[in-house]
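The values are calculated or read from the model by the stated rules, or taken from the named source; none is laboratory data. Bear in mind the structure is a predicted one, so any value in this text is a computation, not a measurement. Note: ideal-geometry Cβ built from the backbone for every residue, glycine included; neighbour counts use all protein chains shown.
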Amino acid sequence: MAPAIGLTAEQVPVSKSPAFNGHQLYRKLRSLMRYLGPAFVVSVAYIDPGNFATNISGGSVFNYTLIWVILWSNLMAVFLQSMSAKLGIATGHNLPEMCARVFSRPTNWLLWIQAELAAMATDLAEFLGGALGLYLLFHIPLLYAGLLTGALTFGIVYMEKYGQRVVEWIIGILVAVICIGYTIELFLCKPDWAAVGLHTLIPMLPNGQAVLIAVGMLGATVMPHVIYLHSQLVQCRQQDCATVEQKRRHLRMEKIDIAVAMNIAFVVNAAMVVVAAAVFYRNGMAVETIEQAHQSLIPLLGTLSSGAFGIALLASGLSSSAVGTMAGQTIMQGFVNLNIPINLRRLITMAPAMFIIASGINPMNSLVLSQVALSFALPFAIIPMLLITRRRDLMGALVNNRLTDIPGWLITGVIISMNALLIYLTLAGHL
C-alpha cells in the first residue's frame, strides 16, 4: 500500500483484524456449561411416552395435519419454562413453596390435590412407556416389565444423592438416545418435506377426533409437573446469585439452556408425527396400539427402524419416570409440607399404571387420555405462577412487565378454550 500523504512508510497505520481469543471463548463456553442441565431434565417431559402415543395417533390418522400443534405447544413451553426458572431465580424458592406463602391454606390444599392427580396421570404415561419398551425389545411380559421399570426408576432417582448434576447427565444421555432413535426413523421413512413445512405453519383441525388428539398433544407437550419442577432445579446454581445483576446473568444462561433443550424436544416431537404420517398414514394404517406401531415398522422399514423405536421408547419411559419422581417430591413438600417418603409416594403413583397393565386395557388409549387430563391440569399451574411473577414485592427487579404478562394470559386462554371445546364436543356426542 502506498504511504499516505505526509506520512513516512513506517508511520502508515496498519489495520489489524481482532485476534481470535481462544482462551476467552473457552471461558465463556465453560461458564455456559455450568448452567446447562435443568432445561434438559425438564425437556424429558416433552418427549415422554405420552408424546409417543398422541403423536403416533395424530400422524397415523391425520397425516401431517397436526404438526402445527407441536410447534405452538413448544412455543408455549419455552415461555412457561422461562417463567418458572425466573420465579425460582428471583425468589430462591420453587413454585409450590411460593404458593404456600402467597395463597390461603385451603387454596394450597386444592392446588396440591390437583397437582397430585396430574402427577398420577404423568406417571401413568411414563411408567407404561418404560414397561412397553422392555416388552417390545426383550419380550418381557408387561406385568414383569412394569416391575422392572419401577426398579430401574428407583435406581436413577437414587443417584440424586451424589448431586443433581449426576442425574442431569444420566437424563441427558437418555435424551440423546431418543434423538438418535428418531433420527434413524426420519432417515428411513423419507417423508414429504413440502407437506411437513406447510402443516407446520398452517393450523387445521379436520374434526372432533382431531381436537381430542390436539388437546392430548398440548397436554403431552406443555406438562404441569415440570412447570413446578423447573423452579426447583435452578436452585442448585443459586450460590453465586446474591445481587440483581448475578440473578439476571443466571436467568440469561437459563434461557439459553431452555432454548437449546426445548428446540431439541420440538424436533423429536415433530419427528414422531412425521414418521407416523410417512409410514402409517401413507400405507393406510390407523395405529391403535404402540405394539402395532412397533410391529408394523418391521415389514415397512425393517428391523433397524423397529429396534430404534423400541430403544427410544424405553429411554423415554425411564428418563421421564425419574423426572416425574423428582417433580412429585417438589409438589408434595411445597404446597402442604408433607414429608411422605419418596419411595412410598412412588409406589402409590405406580398403582394406576400397574392396574392398566394387569387389566389388559389398551395402553395407547390410556396414554392419550392421560395426556388430555394433563391439559385440564395446566391452568392450575400456570395461573398461580403468573399471579406470583407479576408481584414486585416477591420478584424484585425480575418482576414481569406488561409485555410478559400478555402472552402468559393469552396462553392460559388458549388452553382453557381448547379444554372447553373438547368438553362441548364430548357432551354433544361428536367424539
Checked Ala214, Ala210 against criteria (closer than 30 Å to Val414 by Cα, surrounded by 23 or more Cβ atoms within 10 Å (Cβ to Cβ) and either of a type in the set (Phe, Trp, Tyr) or in contact with a Leu (Cβ under 7 Å, 6 or more places away or on another chain) (or both)); the one match is Ala214
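Restrict the check to the range 34-49 and report whether at least one residue is in contact with a helix residue (DSSP H, G or I) (Cβ under 6 Å, 6 or more places away or on another chain), modelled with pLDDT under 90, outside any loop (DSSP other than H, G, I, E, B) and charged (D, E, K, R). Working first, answer last.
To start, the set of residues in the range 34-49 that are in contact with a helix residue (DSSP H, G or I) (Cβ under 6 Å, 6 or more places away or on another chain) comprises 35-49.
Next cut, modelled with pLDDT under 90 only: 35-49.
From what's left, outside any loop (DSSP other than H, G, I, E, B): 35, 38-47, 49.
Then keep just the ones that are charged (D, E, K, R); that gives none.
No, every residue in the range 34-49 fails to be in contact with a helix residue (DSSP H, G or I) (Cβ under 6 Å, 6 or more places away or on another chain), modelled with pLDDT under 90, outside any loop (DSSP other than H, G, I, E, B) and charged (D, E, K, R).
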Being over 30 Å from Arg402 (Cα atoms) and either surrounded by fewer than 24 Cβ atoms within 10 Å (Cβ to Cβ) or not aromatic (Phe, Trp, Tyr) (or both) narrows Asn108, Asn55 down to just Asn55
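Mind checking which residues of the range 88-126 are part of a helix (DSSP H, G or I) and over 29 Å from Phe154 (Cα atoms)?
Residues satisfying the conditions are Ala90, Thr91, Arg101, Val102, Arg105, Pro106, Thr107.
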When restricted to Ala100, Ala151, Ala195, the only residue surrounded by fewer than 24 Cβ atoms within 10 Å (Cβ to Cβ) and without any contact (Cβ under 8 Å) to a residue 60 or more places away in the chain is Ala151
When the range 79-88 is checked residue by residue, the ones that are surrounded by fewer than 24 Cβ atoms within 10 Å (Cβ to Cβ) and under 15 Å from Gly37 (Cα atoms) are Ser82
The one condition Leu338 fails out of (1) surrounded by fewer than 20 Cβ atoms within 10 Å (Cβ to Cβ); (2) modelled with pLDDT of 75 or more is (2)
